[in-house]
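What follows is a single structure, written as structure tokens, with notes after it.
The values are calculated or read from the model by the stated rules, or taken from the named source; none is laboratory data. Keep in mind that this is a model prediction, so the values were computed, not measured. Methodologically, a virtual Cβ is constructed for each residue, glycine included, from the backbone with ideal geometry; neighbour enumeration extends over all protein chains shown.
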Amino acid sequence: MKILIADDDPQILRALRITLGSQGYDVVTAADGAEAIRLAAAEHPDLLMLDLGMPALDGLAVIEAVRGWSPVPILVVSGRTGSADKVDALDAGADDYVTKPFAMDELFARIRALTRRTATGPGGATDAPSVSFGGVTVDLVARQVTRDGDRSAVRLTPTEWKILDLLVRNPGRLVTHQELLTEVWGTDRVKETGYLRLYLGQLRKKLEPDPAHPHHLLTEAGMGYRFTPEA
């Protein structure tokens with residue numbers, strides 16, 4: 001798997017090249033935004049990892065440029081921690097966002113998640129007829145949710161089903177507030193994140209073993225939600 005890393009900090013580039021290389025990844029690096037776009041076109045990476053604050057072209061410009069012709073997964077790794085920066089990057093076309101400083105095990109997990117997304121098919125959505133996690137099975141064809149084989153165990157409202165359906169079809173991927181709100185309620189409700197908090201709380205009560213400490217329906221603060229099949 002080839003990863004293109006774009007960052008203007010040579011120490012970070014060197015550390016990531018060594019660490020990711022030791023895990024078997026083929027790493028290509030770029031020191032600015034313009035070089036990142038050129039290498040994205042020339043090297044055809046499987047994943048693009050980039051900072052937002054770069055010379056020549058900033059990270060947002062790189063995301064917008066690459067998204068004009070490539071569906072390659074884009075992981076932003078940035079020191080900008082504000083929710084506005086995260087939302088701007090995700091709206092521009094990034095698939096996930098990690099803030100600096102970061103733990104390497106978290107970074108590897110995000111890379112694996114984006115790799116799984118690519119492997120599942122167009123748009124990252126799984127084509128599997130059902131998804132199982134924590135003793136719960138979501139049958140995407142029959143539109144039913146069962147717990148340990150008991151078909152009468154879990155009843156969802158139509159809205160809860162729409163939210164769960166979108167999340168489980170994108171395992172490991174950050175699904176943004178905007179995506180969920182647009183899909184479920186339409187474009188006129190894209191700022192009503194309170195709706196999502198309410199319904200995710202209800203879904204956790206019905207599906208999580210410990211709703212107060214969820215393992216599968218996770219919140220990414222200021223950005224959206226992520227479904228993780230593995231606890």
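Exactly one of (1) of a type in the set (S, T, N, Q); (2) modelled with pLDDT of 75 or more; (3) out of contact with any Pro (no Cβ under 9 Å at 6 or more places or on another chain) is unmet by Ser132. Its number?
Ser132 satisfies all of (1) of a type in the set (S, T, N, Q); (2) modelled with pLDDT of 75 or more; (3) out of contact with any Pro (no Cβ under 9 Å at 6 or more places or on another chain) except (3).
Give just the number: which of (1) in a helix (DSSP H, G or I); (2) modelled with pLDDT of 85 or more; (3) surrounded by 15 or more Cβ atoms within 10 Å (Cβ to Cβ) does Ala41 not satisfy?
Failing condition for Ala41: (3).
Only residues that are part of a helix (DSSP H, G or I) and farther than 21 Å from Gly222 by Cα: list them for segment 136-161, please. Lay out the reasoning, then the answer.
Of the residues in segment 136-161, the ones part of a helix (DSSP H, G or I) are 158-161.
Passing the criteria: Pro158, Thr159, Trp161.
Does at least one position in segment 160-178 carry a residue that is touching a residue at least 60 places away in the same chain (Cβ under 8 Å) and of a type in the set (Asp, Glu)?
no
Considering only residues that are in a helix (DSSP H, G or I), surrounded by fewer than 15 Cβ atoms within 10 Å (Cβ to Cβ) and modelled with pLDDT under 90, which ones fall in segment 190-206?
Selection gives Gly194 alone.
Return the residues of segment 159-174 that are of a type in the set (Val, Ile, Thr) and either within 18 Å of Thr146 (Cβ to Cβ) or surrounded by 21 or more Cβ atoms within 10 Å (Cβ to Cβ) (or both); say none if nothing qualifies. Break it down stepwise before answering.
Initial filter on segment 159-174 (of a type in the set (Val, Ile, Thr)): 159, 163, 168.
Those that are of a type in the set (Val, Ile, Thr) and either within 18 Å of Thr146 (Cβ to Cβ) or surrounded by 21 or more Cβ atoms within 10 Å (Cβ to Cβ) (or both): Ile163, Val168.
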